[in-house]
Ligand SMILES: *[C@@H]1O[C@H](CO)[C@@H](O)[C@H](O)[C@H]1NC(C)=O
Ligand SMILES: *[C@@H]1O[C@H](CO)[C@@H](O)[C@H](O)[C@H]1NC(C)=O
Ligand SMILES: *[C@@H]1O[C@H](CO)[C@@H](O)[C@H](O)[C@H]1NC(C)=O
């Protein structure tokens, strides 16, 4: 109660809009960093997988030369960065990259008309630039999370990995389905999957090793949170 009164007082000092007429927006404090890890936040907790995928890190598993599948794991997590010129970032034409060996690897998201195993739209991390347009949300979106400019959601799925002959929690993209009756898009999360947001947690972008073919020249600072697990989402909104 005390902290609520305090935040109301602070908000009224900077806002001319009468407080009684609206709910006071209040969002977790963010920082800025070149490097970040991505932490899963289950947006529909009632449908979480067992065990929970909440708080797990975006990691990669090798599936072939220059290819990785995107998975969620309890520990570790890969360090990513946003790459592009200022204008590319402004127009959502940048890429999300990660370093590995002497190369740049990018996040690839399959398009609406492309599918991988089990008819799901795969998210992979392969040698190259990744899919153009993958980025991190910016102001005026109050929360920072991994964005792909398509109507839909990232999903975490319990999925068999042929290369390892066992199940992993894979990251996929679920495009919304168009409802002809309501003329509105609807979430279309496949069976065995749950909708997630991937939230950037600030991390150090390490120097590149000698002889690297990658470059951090166009790495751009990104909004991120110091410790995603410490965020109490019930405190924030609307
Ligand atoms: C994270 O999940 C919680 C609970 O499902 C939700 O209230 C919150 O808005 C989510 N955060 C983001 C950035 O989506
Ligand atoms: C990073 O962005 C710069 C500027 O657009 C571009 O020249 C470079 O190819 C990008 N790096 C990768 C690996 O895509
Ligand atoms: C492994 O994943 C497949 C889908 O790829 C699913 O049908 C199966 O039930 C899962 N197995 C376990 C033990 O979770």
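Are any residues in region 173-191 in contact with a helix residue (DSSP H, G or I) (Cβ under 9 Å, 6 or more places away or on another chain) and buried (at least 16 other Cβ atoms within 10 Å of the Cβ), and if so, which ones?
The one that is in contact with a helix residue (DSSP H, G or I) (Cβ under 9 Å, 6 or more places away or on another chain) and buried (at least 16 other Cβ atoms within 10 Å of the Cβ): 189.
Give me a count of the residues in region 55-78 that are in a loop (DSSP other than H, G, I, E, B) and buried (at least 18 other Cβ atoms within 10 Å of the Cβ).
Start the filter on region 55-78 by keeping residues that are in a loop (DSSP other than H, G, I, E, B), which leaves 55-56, 65-66, 74-78.
The next check asks that each one be buried (at least 18 other Cβ atoms within 10 Å of the Cβ); those that pass are 56, 77-78.
Final tally of qualifying residues: 3.
Go through (1) away from ligand 1 (no atom under 16 Å from the Cβ); (2) crowded, with 16+ Cβ neighbours inside 10 Å one by one and return the number of the condition residue 37 breaks.
The number of the failed condition is (1).
Need at least 1 residues that are more than 16 Å from ligand 3 (Cβ to nearest atom) and more than 16 Å from the chain's Cα centre (by Cα) per element, so show me which strands (runs of 3 or more DSSP E) inside region 138-238 make the cut, counting only ones lying wholly within it. It would help to see each step written out before you state the result.
Working: elements: 152-161, 166-175, 177-179, 184-186, 193-203, 222-224.
It comes to 177-179, 184-186.
Are any of the residues in region 90-107 over 19 Å from the mean Cα position of the chain (by Cα), within 14 Å of ligand 2 (Cβ to nearest atom) and in a strand (DSSP E or B)? Quick ask: steps written out before the conclusion?
First pass over region 90-107, keeping only residues over 19 Å from the mean Cα position of the chain (by Cα): 100-103.
Narrowing the set further to residues that are within 14 Å of ligand 2 (Cβ to nearest atom) leaves 100-103.
Applying the additional criterion that residues be in a strand (DSSP E or B) yields 100, 103.
Yes.
Among the residues of region 33-56, write down those that are within 19 Å of residue 123 (Cα to Cα) and without any contact (Cβ under 8 Å) to a residue 60 or more places away in the chain.
At the first step, the residues of region 33-56 found to be within 19 Å of residue 123 (Cα to Cα) are 36-43, 49, 53-56.
Once the filter is applied, which keeps residues that are within 19 Å of residue 123 (Cα to Cα) and without any contact (Cβ under 8 Å) to a residue 60 or more places away in the chain, region 33-56 yields only 54.
Residues of region 110-129 being surrounded by 23 or more Cβ atoms within 10 Å (Cβ to Cβ) and more than 16 Å from ligand 3 (Cβ to nearest atom), which ones?
Taking region 110-129 first, the residues surrounded by 23 or more Cβ atoms within 10 Å (Cβ to Cβ) are 123, 125.
Scanning region 110-129 gives a single hit, 125.
Just so you know, all these numbers are worked out from the coordinates, no wet-lab data involved. All values derive from a computational prediction rather than experimental measurement. Every residue, glycine among them, receives a Cβ derived from its backbone with ideal geometry; neighbour counts consider all protein chains shown.
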